[in-house]
Amino acid sequence: MATLTQSDSCYTEQFGPTLSFAPAGGWGSRQPDKLVKTHCCFCGVQCGIQLKVSDNKVVGFEPWEEFPVNQGKLCPKGVKRYLQNDHPDRLLTPLVRTDSGFRAATWDEALSKTVAAIKSIQGKFGKDAFAFLGGASMTNEKAYLNGKFARLALQTANIDYNGRLCMVSAGAANRMAFGVDRAANPWSDIPLAKALLITGANIAECFPILTDHVWRARDHGAKIIVIDPRITPIARTADLFLPVRPGRDSALANGILHVMIERGWIDEAFIAAHTHDFDKVRALVAKYTPALTERITGVPAASIVKAAEIWGPAETSMLLHARGIEHHTKGVENVLTYINLVLATGRIGKPGCGYGTITGQGNGQGGREHGQRCNQLPGGRDINKPEHREFIAKFWGVPEPELPKQGLTACEIMDAIERGEIKGLLSISFNPLVSIPDASRTRAALEKLEFLGCIDFFLSETARHADVVLAGSLQEEDEGTVTTGEGRCVRLRNSVSPPGDARVDWQIICDLAARLGNAAAFNYARPKEIFDELAAASKGGPIDYSGMSYERLEQNFGIFWPCPAPEHPGTPRLFEGGEFHHPDGRAKFHAFDYRPPAEDVDAQFPLFFTSGRVVSQYLSGTQTRRIGALVEQYPEPLCEMHPRLAAKLGVKDRDLVRVSTRRGEITVPAQVVTSIRPDTVFVPYHWPGRKSANLLTNRALDPISKIPEFKVCACKVEKVADAPAQPARQFPARSQRAASTR
Ligand code: SF4
């Protein structure tokens, strides 16, 4: 297993996003048979990378300097991603459960068992008693296929995806404000901004290469405001840091807008010509004086005024937000209150002016566009709109009434399993046992299923509960497209074929569909045919890919949607000329009064608990917990707490602490740091079992997006034991690694 490189050390010491590639020939010791230009398999930046391939194995990488977004730079995950290929844990064959555990099976046996279970459960309990869960790290082609498979082959309403835990608050808010769900700007607009407002986005750890764009803006004179309960790496170079109390984000945005209106830093002409409902917002925020806002948010009034002074009169500006404001029972409201700050200035649809919704999952954007959500059909169409249903039903050649209606979201599916209403589940590239809040309930629910099938490349914690595991494909073992967080659809090129008897995911789905009697509708020879079909299905829809082709994507370093015709150049920047995507062309303000989180602190649970990521891990850790060099950077979850809180609790650095909420408890080492609010503790969520942060989190949902409230609940912390005199594992000092965050 590889060890830390010089480049990793540079990164962790400086909290920087970029790595230089000093070794001639790139990383990986073996000489390659070929270099394949493709993209990183992790976050939504989707950095370009060249994989070195030898004997049908990925053996290293070289920078792909021509790809404009990262220009050859990669973060620690990107540098090590090649080590997942040829990993000893790779699933090489289907598995079926026996009384004594799993045994290898033939594809015929595993597929037959799966189809028999589907038919049996649906025959006894109805079509909707069998659910399907997809993933947002999968390609656009697979996202489309998942939706089509659920609606045509399974004929179930209950399909959703793990982006429900990630991007849906932002997506819903974007549609409500602008009529379309996409970042407004290419990332290349970030360096053109003179003010950056970064809220709930730990860019350096969750979207590391974007830090480079932020720093370029700073080098050009931009003022940077960061809002977060923790001093994240990006906050350390900010001009202004606002340490918001968890769950109070909308109040803070309202307070900043209050000052902007008072000082006259709003664009009345733009508001009158291009928006609706500003008067409602103006009336609402009148009461959000700096003093009141300070009382709600814990942010000093002077800092609230200062934020308005930076943002209000700026010549150009960009808002960047992520899960920190979105993982709430009011996640949609939070995003909309920050969008109000953008619309009020009229600084949108111009170079260096707009907003970006940063996507944490590799295909967080495309994964939510092509129909694998319970409320969506291909092309971003609404499953509840008759004309959208008619279009897709006709496209797929089925009567419209046969298309299932809107089903349950991911967490609601888990709740329905718990209630005994859903009896069977097929899950692909989704690890709900680690990812969904209140993990004890998730475990109990999975154990109630009559049948669980998983398609995956490693045996995830969820797959260990399965009756059948279908050995699928890693990103480099297939081809297709993904759509980056800026809305750019790019090509993933096939590097190697799946090892052993493993198969590419889309073939597994098509095989299952054929055995369910739908062979004709799932007859594809290669992913290109699926892409051409999804592009045609999107024509005229809110998310239009119909002018794209694999050839055009390759010639242009990807294409931004909407791209409605083969000669259309794509649309890197939305809303130019103040034209928004609502039918009347206007954007909408939304007035939301602050309301508290679903579970606030009290005498019994007096501390805020929040969770998130660390730079070396990705999502539920199925991939990154298997890459030794990434594990070494952060071997197990730590509980970050402020020295003042630690002193109150009698806790020293590395002492074992028990963190408890109304749902469960975990025992982990403390990490005493000055970079977190004294009333808040943080634990990253990438680990399973007794150290799973999601044993603690609250499954309360946003009423619109149905995202769970990962980012705030109430907890208590107690010391359990002194730090070991000789720690079995050495952790990097706080100053030597990028701070973990949400
Ligand atoms: Fe780029 Fe994200 Fe991969 Fe890091 S994890 S190399 S930032 S795509």
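The values are calculated or read from the model by the stated rules, or taken from the named source; none is laboratory data. These figures come from a predicted structure and were not determined experimentally. Cβ: placed from backbone, ideal geometry, glycine included. Neighbour counts: every protein chain shown. Protein only, heavy atoms only, side chains kept; ligands, DNA and RNA dropped before computing areas. Shrake-Rupley method; radii C 1.70, N 1.55, O 1.52, S 1.80 Å.
Compute the FRET efficiency between residue 602 and residue 667 as 1/(1 + (r/R0)^6), taking r as their Cβ-Cβ distance and R0 = 30 Å, and round to the nearest 0.05.
So the FRET efficiency works out to roughly 0.85.
Nearest 0.05, what FRET efficiency do residue 385 and residue 448 give at R0 = 51 Å with Cβ-Cβ as r?
Calculated value: 0.90.
Quick check: from the Cα gyration tensor, does the chain come out rounded (a/c under 1.5), prolate or oblate?
The shape class here is rounded.
So what does residue 220 come to for accessible area, using a 1.4 Å probe and Å² rounded to 10?
Near enough 100 Å² of accessible area.
May I ask you to list, by number, the DSSP H helices of the chain whose Cα span along the axis is at least 24 Å and whose average Kyte-Doolittle hydropathy reaches -0.5 or more?
What comes out of the filter, once short or polar helices are dropped, is 107-125.
Using 7 Å Cα-to-Cβ label points, what is the residue 720/residue 554 separation (nm, one decimal)?
Reported label-point gap for residue 720 and residue 554 is 5.4 nm.
Have a look at 569, 253, 680 and report the one farthest towards the positive end of the charge dipole of the chain, computed about the Cα centre with Cβ charges (Lys/Arg +1, Asp/Glu -1).
680
If you average the C-alpha positions of segment 344-405 and of segment 612-635 separately, how far apart do those two centres end up, in angstrom?
If we compute the Cα centre of each part, the gap is 31 Å.
Treating only the Cβ atoms of Lys and Arg (+1) and Asp and Glu (-1) as charged, compute the dipole magnitude of segment 120-245 about its Cα centre; round to the nearest 20 debye.
Charge dipole of segment 120-245: 280 debye, to the nearest 20.
Which aspartates and glutamates have a Cα less than 14 Å from the Cα of residue 719, not counting those fewer than 8 places away in the same chain?
Once the sequence-local aspartates and glutamates are set aside, what remains near residue 719 is 640, 653, 655, 665.
Give me the 1.4 Å probe accessible area per residue for the chain, excluding ligands and nucleic acids, in Å².
The answer is 32 Å² per residue.
Holding the Cα-Cα limit at 21 Å, pick out from 142/330; 77/711; 57/77; 394/588; 57/113 the pairs that are longer than that.
In this structure, 142/330; 77/711; 394/588; 57/113 lie more than 21 Å apart at Cα.
In whole Hz, what ³J(HN,Hα) sequence does segment 541-547 give by Karplus (6.51, -1.76, 1.60; θ = phi - 60°), x for Gly and Pro?
In residue order, the calculated couplings are x, x, 10, 9, 9, 5, x Hz.
Would you calculate the separation in nanometres between label points at residue 34 and residue 501, each defined as 7 Å from the Cα along the Cα-to-beta-carbon direction?
Placing both labels 7 Å beyond Cα along the Cβ direction yields 2.7 nm.
Based on the alpha-carbon gyration tensor of segment 607-737 and its eigenvalue square roots a ≥ b ≥ c, which shape applies: rounded if a/c is under 1.5, prolate if not and a/b is larger than b/c, or oblate?
oblate
Shape call for segment 168-357 from the C-alpha gyration tensor, a ≥ b ≥ c root eigenvalues: rounded (a/c under 1.5), prolate (a/b greater than b/c) or oblate?
It comes out rounded by the Cα gyration axes.
Please report how far the C-alpha centroid of segment 194-225 lies from that of segment 50-70, rounded to the nearest whole angstrom.
So the two Cα centres are separated by 27 Å.
For the chain, what relative contact order do you get, as a whole percent, if you take Cα pairs closer than 8 Å and at least 6 residues apart?
19 percent
Under 13 Å from a label point 7 Å along Cα→Cβ of residue 269: give me every residue in segment 300-337 with its amide N that close.
none
Can you tell which of 111, 170, 701 lies farthest toward the positive end of the dipole of the chain, using +1 and -1 charges on the Cβ of basic and acidic side chains (Lys, Arg; Asp, Glu)?
Result: 701.
Once you have the Cα-Cα distance between residue 567 and residue 277, take 0.36 nm times their residue separation minus that, and quote the gain in nm to one decimal.
100.7 nm
Rounded to the nearest 20 Debye, what is the dipole magnitude of segment 607-737 about its Cα centre when Lys and Arg each give +1 and Asp and Glu each give -1 at the C-beta?
Dipole magnitude for segment 607-737 comes out near 140 debye.
For the residue pair residue 295 and residue 582, what label-to-label distance in nm results when each label sits 7 Å from Cα along the Cα-to-beta-carbon direction?
In this crude spin-label approximation the distance works out to 3.3 nm.
Could you give the dipole magnitude of the chain about its Cα centre, charging the beta-carbon of Lys and Arg +1 and that of Asp and Glu -1, in debye to the nearest 20?
So the magnitude is around 1200 debye.
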